[in-house]
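Quick notes on the structure that follows.
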Amino acid sequence: MATSGRRNGESAAWLLVAVLSLALGTQAMAQGFGARTEESGTQPPTARTARSVAPQDLTGYWESIVTEYWRLRMMVPDKSDYVTVPLNKEGARVADTWDPAKDEAAGEACKGYGAAAIMQVPGRLHIYWQDDNTLRMDIDSGTQTRIFHFGGASAANETASWQGFSVASWEGTRPDSQRAGGGGPILDGGTAGTAGTVGAPPEELGGVRAGYLKVVTNHLRPGYLQKNGVPYSANATVEEYFDRFADHGNNWLVVTTVVTDPQYLAEPFITHAHFKKLADNSGWDPTPCRATEAR
Amino acid sequence: MALSEKSQRQIRKAWLPLLLLLISPARSLWAQVDLTGEWSPRIYNDGRDIGDYTGIPINDAGRLRAETWHQDQMDLPESVCRPHSFDIGLRVAPAQLYISTQFDNATQQIVAYHFHAYWSDFMVWMDGRPHPPEYAAHKWSGFSTGHWEGSTLVFITDHLKEGYITRTGVALSEKAKVTTRVTRYGNILTMVFIIEDPAYLTEPYIRESSWAYDPQQIIPAFPCEPLPEGAIVPAGHVPSYLPGKNDILTDFAQEYGIPPEAALGGAETTHPDYIKKMKQMKVLPRTTTKHYIRQG
């Protein structure tokens, strides 16, 4: 009986340990996923702003470093040189009609500086918070400005423009958002996906806050994917992922861009651009839109 | 309902298992950043010509190696089935990719990520093991150890064999070290490669690739059988150009209307201000404006 009683005591103790572990473990997980609790209503949503939960500081001056597709970016490619773009037949037909002089005369020299292509144009960026839920990017090439709206901003009644209407959110801040489809559709239609909310507060791993900036842009004026008239239409959607990191003493901003355009593209077109952080605005060189220049 | 003194003692003794139980779920959560599965490449013809070093921070030694490279070297018996170094296999040669994990049975922790591509196959060790000493064998796949930075898997590869940065002869030395950053953006997987090579580069060379999630993908086999010596290239002959004797080196620049000096690359050529500088440079008389057709 003594042995049995001892076993019972041990069993009770281990059962208690298990229950406590489960309870405390759940509590720990809940603390780790604090944002979910907040999203469920324990904290007013207005208490969080895009700036306050930003997992990365993207602000500052950045310069393009053109290491690939150089001949397509540092120069204006020849007419019909679109071997790197998955154009459909109609896209190729339109590209073959490119006439930069006609664009200049029609006041459409900015067609190569629209949101679907501007990250590929060599130049400098100035990124800063316009307000707590609006990130602004000024670009010296073509003297363009992009506005990234957080917090579920709506594009209703928005007029089509070169830079369109951009909805932004912080993504990848939670492990489960990395699962398939977590960042929104890429290959099945190119809708806005989950972008539009401010985003959850980030977790940390390896001393680095998890997460990246996702931007979805539409309401675009038709423009060019390359300076040589490779077209995208007003129906195009641009998904972008901005990620900052440090390496070899440099701070890098890498942008992955996915352009979906059922009118001119046979499949989503993915490009990359990387930018090195600058100490200040030295070198800032605003240019007008030019149809026959690389920037 | 008060617990007996004995039970209380048992609970006090159990603080260590309790602590372990609390830690375990927190550590395993990030294993859910799921990089595994089939990934289909999205690389749109990054073909480079001989003499195209544009955007590469190449040094003079690198240019000399590239200038003396001959495309027929790839037909030598020892080259025909030669695999790509891991990074060129992922960046330059469009490669279907399959990523899987290797677990430690005792701890259920991820010990390694296994990257398997059409051209290359390598492990990224996550268990904190050190890199081997410099004198250890160098391989096409190198030796890689990784860690997480936020939502990005970062791994560093060294112990690479001498290989190439491009498929047209720009060399990568055995001293090279490559930092790879893997980030999943929903159904897109982006890798950033940063190559350090003190032998042939003046500064780190950065480039990217992306894949789309494609669970139905099937990676084809890579059957390859070396031909006997002399089958393509005459036996005993190693095709190459002597320095200064490469008569096709400027074809790329001439046909695209690029200043020959700019086509030879270098860190300066990667900055936007180089566009202004190029306007002062001479361009060779163009022989065609349809060069791109050869690439398509």
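Quick check: is even one residue across the range A:85-98 closer than 27 Å to B:Tyr256 by Cβ, modelled with pLDDT of 95 or more, within 9 Å of chain B (Cβ to nearest Cβ) and not in a loop (DSSP other than H, G, I, E, B)? No, that holds for no residue. When A:Asn157 is tested against (1) in contact with a strand residue (DSSP E or B) (Cβ under 6 Å, 6 or more places away or on another chain); (2) more than 14 Å from chain B (Cβ to nearest Cβ), only condition (1) is not met.
The lone criterion from (1) more than 30 Å from A:Trp70 (Cα to Cα); (2) buried (at least 23 other Cβ atoms within 10 Å of the Cβ); (3) at pLDDT below 95 left unmet by B:Val124 is number (3).
Residue-wise test of (1) of a type in the set (Ser, Thr, Tyr); (2) closer than 23 Å to B:Tyr256 by Cα; (3) surrounded by 23 or more Cβ atoms within 10 Å (Cβ to Cβ).
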site: B:Asp49; (1), (2), (3): no, yes, no
site: B:Thr54; (1), (2), (3): yes, yes, yes
site: B:Pro57; (1), (2), (3): no, yes, yes
site: B:Ala66; (1), (2), (3): no, yes, yes
site: B:Gln71; (1), (2), (3): no, yes, no
site: B:Asp75; (1), (2), (3): no, no, no
site: B:Ser79; (1), (2), (3): yes, no, no
site: B:Arg82; (1), (2), (3): no, no, no
site: B:Phe86; (1), (2), (3): no, no, yes
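Output the residues belonging to the range A:56-77 that are in a strand (DSSP E or B), among the hydroxyl-bearing types (Ser, Thr, Tyr) and surrounded by fewer than 22 Cβ atoms within 10 Å (Cβ to Cβ).
Here is the first cut: in the range A:56-77, the ones in a strand (DSSP E or B) are A:60-64.
If we keep only those that are among the hydroxyl-bearing types (Ser, Thr, Tyr) too, we end up with A:61, A:64.
Correct list: A:Tyr61 only.
Among the residues making up the range A:227-267, a single one is at the interface with another protein chain (Cβ under 8 Å from one of its Cβ atoms), surrounded by 23 or more Cβ atoms within 10 Å (Cβ to Cβ) and either outside any strand (DSSP E or B) or in contact with a Lys or Arg (Cβ under 7 Å, 6 or more places away or on another chain) (or both): A:Tyr241.
For the range A:268-295, the set of residues classified as crowded, with 21+ Cβ neighbours inside 10 Å and part of a strand (DSSP E or B) consists of A:Phe269, A:Ile270, A:Thr271, A:His272, A:Ala273, A:His274, A:Phe275, listed by residue number. Return yes when B:Ile110 is modelled with pLDDT of 95 or more, of a type in the set (Val, Ile, Thr), within 21 Å of B:Thr179 (Cβ to Cβ) and surrounded by 16 or more Cβ atoms within 10 Å (Cβ to Cβ) and no when it is not. No, not satisfied. For the range A:204-262, filtering for residues that are β-branched (Val, Ile, Thr) and closer than 19 Å to A:Cys110 by Cβ leaves 5.
Residues in the range B:176-195 that are of a type in the set (A, V, I, L, M, F, W, C), at the interface with chain A (Cβ under 7 Å from one of its Cβ atoms) and over 10 Å from the mean Cα position of the chain (by Cα): B:Ile188 only.
Collect the residues in the range B:223-233 that are within 11 Å of B:Leu76 (Cβ to Cβ) and either loosely packed, with under 10 Cβ neighbours inside 10 Å or in contact with an Asp or Glu (Cβ under 7 Å, 6 or more places away or on another chain) (or both), keeping them in residue-number order. I'd like the intermediate steps shown before the answer.
First, the residues of the range B:223-233 that are within 11 Å of B:Leu76 (Cβ to Cβ): B:226-227, B:229-233.
B:Ile232, B:Val233 - these are the residues of the range B:223-233 that are within 11 Å of B:Leu76 (Cβ to Cβ) and either loosely packed, with under 10 Cβ neighbours inside 10 Å or in contact with an Asp or Glu (Cβ under 7 Å, 6 or more places away or on another chain) (or both).
B:Leu160 falls short on exactly one of the conditions (1) within 11 Å of chain A (Cβ to nearest Cβ); (2) buried (at least 23 other Cβ atoms within 10 Å of the Cβ); (3) not small (Gly, Ala, Ser), and that condition is (1).
Scoring A:Val83 on the criteria (1) over 28 Å from A:Val254 (Cβ atoms); (2) without any contact (Cβ under 8 Å) to a residue 12 or more places away in the chain leaves a single failure, condition (1). Residues in the range A:198-209 include none that are crowded, with 17+ Cβ neighbours inside 10 Å, of a type in the set (Gly, Ala, Ser) and modelled with pLDDT of 95 or more. Taken over the range A:101-123, the criterion of being touching a helix residue (DSSP H, G or I) at 6+ places or on another chain (Cβ under 8 Å) and either among the hydroxyl-bearing types (Ser, Thr, Tyr) or more than 21 Å from A:Asn235 (Cβ to Cβ) (or both) is satisfied by A:Ala109, A:Val121, A:Pro122.
If we scan the range B:37-59, do we find a residue that is more than 8 Å from every other protein chain (Cβ to nearest Cβ) and at pLDDT below 75? Checking the range B:37-59: at least one residue is more than 8 Å from every other protein chain (Cβ to nearest Cβ) and at pLDDT below 75. Residues in the range A:91-108 that are over 14 Å from A:Pro77 (Cα atoms) and of a type in the set (Asp, Glu): how many? Of the residues in the range A:91-108, 3 are over 14 Å from A:Pro77 (Cα atoms) and of a type in the set (Asp, Glu).
Every residue, every condition in (1) out of contact with any helix residue (DSSP H, G or I) (no Cβ under 8 Å at 6 or more places or on another chain); (2) buried (at least 19 other Cβ atoms within 10 Å of the Cβ); (3) touching a residue at least 60 places away in the same chain (Cβ under 8 Å), yes or no:
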position	(1), (2), (3)
B:Pro130	yes, no, no
B:Ala137	yes, no, no
B:Ser141	no, yes, no
B:His147	yes, no, no
B:Phe155	yes, yes, no
B:Arg167	no, no, yes
B:Glu174	yes, no, no
B:Thr183	yes, yes, no
B:Asn187	yes, yes, no
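Close Cβ contacts (under 8 Å, 6 or more residues apart or on different chains) running from residues in the range B:275-288 that are at the interface with another protein chain (Cβ under 10 Å from one of its Cβ atoms) and free of Cβ contacts under 8 Å to residues at least 60 places away in the same chain to residues that are among the small types (Gly, Ala, Ser) and surrounded by 10 or more Cβ atoms within 10 Å (Cβ to Cβ) comprise B:Ile275/A:Ala294; B:Met278/B:Ala262; B:Arg286/B:Gly257.
Look at the range A:140-153: where a residue is under 15 Å from A:Trp170 (Cβ atoms) and a partner is not in a strand (DSSP E or B), sitting 6+ places away or on another chain with Cβ atoms under 7 Å, you get A:Phe150/A:Ala50; A:Phe150/A:Asn133; A:Phe150/A:Val198; A:Gly151/A:Ala50; A:Gly151/A:Asn133; A:Gly151/A:Val198; A:Gly152/A:Gly196. Counting only helices (runs of 4 or more DSSP H) wholly contained in the range B:210-296, the ones carrying 3 or more residues that are closer than 20 Å to A:Met74 by Cβ occupy B:251-256, B:260-263, B:274-278.
The values are calculated or read from the model by the stated rules, or taken from the named source; none is laboratory data. All values reported here derive from a predicted model rather than from experimental measurement. All Cβ positions, even for glycine, are placed from backbone atoms using ideal geometry, and neighbour counts span all protein chains on display.
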